[in-house]
Amino acid sequence: MTLSATLSADAQSLAPGDVVVLFDIDTSPLGGSDTWYLCAGTINGAMPAWRGHTYTPFPLEASGFEWAGRGALPKPKLTVGNVAGLLLPAVIQYNDLVGAKVTRWKTLAKYLDGQPNADPNSCFIPDIYFIDRKSQ
């Protein structure tokens, strides 16, 4: 996946707009059929939708994605609060989600579904990782 010319131009403008970070947690590598679409908050009071999926605001924190091009590869950490037990059944069914695919998408709010400039292909290069352990 490459950065689109439109996104590249918008990102370099003086007022690119809000960057939106979205997470997909996919159990298909574990033989499952569940995918959770999560984000850290709402956009103007609404749940963001992009690429035909609605992202549920969830207490989560992500860190460690940065890579300087030298040294060790990044080892991101995704901390997800288990509000109302949403992920608990999956954690139990899929052995702590070890091996699940996590995709971190970054796009601009103006490209979200329902916006005048909605574009499911305008995003920064996604970060794709697989869960290797659950810490708590």
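Per the Debye calculation on the range 2-41 with a single equal scatterer at every Cα and no solvent contribution, log₁₀ I(q)/I(0) for q = 0.17, 0.35, 0.36 Å⁻¹ amounts to -0.66, -1.07, -1.09.
If you take all other residues with their beta carbon under 13 Å from the beta carbon of residue 127, and give Lys and Arg +1 and Asp and Glu -1, the sum is +3.
Peptide packing for 12-19, 50-57 was compared via the average number of neighbouring C-beta atoms within 10 Å per residue; ordered from the highest value, the list is 50-57, 12-19. For the range 57-110, the extents of the C-alpha atoms along the principal axes are 38, 32, 15 Å, listed from largest to smallest. Based on C-alpha pairs under 8 angstrom that are at least 6 apart in sequence, the chain has a relative contact order of 30 percent.
With protein chains left intact and a 1.4 Å probe, residues in the range 27-68 average 57 Å² of accessible area per residue. Using Cα pairs closer than 8 Å and at least 6 residues apart in sequence, work out the relative contact order for the range 19-61, in percent. For the range 19-61, the relative contact order is 32 percent. Between the labelled values (i) 34; (ii) 30; (iii) 24, the entry that holds percent of Cα pairs over 25 Å apart as derived from this structure is (ii).
The values are calculated or read from the model by the stated rules, or taken from the named source; none is laboratory data. Here the structure is a predicted model, which means the values were calculated and not measured. Here the Cβ is made from the backbone with ideal geometry for all residues, glycine too, and neighbour counts use every protein chain on show. Surface accessibility is based on the protein's heavy atoms, side chains included, excluding ligands, DNA and RNA. Shrake-Rupley method; radii C 1.70, N 1.55, O 1.52, S 1.80 Å.
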